[in-house]
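Following: one structure in C-alpha cells, then a few remarks.
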Amino acid sequence: MDVKTFSVISAQYGYSQDDEHVFGPEGVIKDADTDTFKMVTSVYSLDAGHVYAHAKMIDADSGTFRVVKEGLYAVDESQVFYDGNVLK
C-alpha cells in the first residue's frame, strides 16, 4: 500500500484505494481499475470493465449494469441479479 496516494472510498463499507490497488473489506480487489472504480451501493461496485458484488467480481456487463431502486436487485443487458447472484 502506498500511503502517499491512499484514499478512502467508503469508510462505512471498508473500501479504499491507492494508486495501484483497490481494497475491499477482505483485502485487495483483484483486477479492479483504480482510475474508474466506484461504489454503486453497499453491495455493488464497478469499474470500466468489471462488476463486483461484496468486493468479488461477478459475471456482468459493466457497460449495461444498473441497480434497480438502489437495492439488492440489479440488471445488465442479459441477466437479473439479486445480492450478486444471477436469478433464473
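The values are calculated or read from the model by the stated rules, or taken from the named source; none is laboratory data. Computed from a predicted model, the values in this text were never measured in an experiment. Keep in mind that these areas ignore ligands, DNA and RNA; they rest on the heavy atoms of the full protein, side chains included. Shrake-Rupley method; radii C 1.70, N 1.55, O 1.52, S 1.80 Å.
How large is ³J(HN,Hα) for each residue in segment 24-38, as worked out from phi by the Karplus curve 6.51 cos²θ - 1.76 cosθ + 1.60 (θ = phi - 60°), to whole Hz, x for Gly and Pro?
Along segment 24-38, the couplings run x, x, 10, x, 5, 8, 4, 6, 5, 8, 5, 7, 10, 5, 8 Hz.
Over the chain, with every protein chain in place, what whole percent of the accessible area is carbon and sulfur at 1.4 Å, could you tell me?
49
How many lysine pairs in the chain, separated by 8 or more positions in sequence or lying on different chains, have Cα atoms less than 24 Å apart?
The result is 9.
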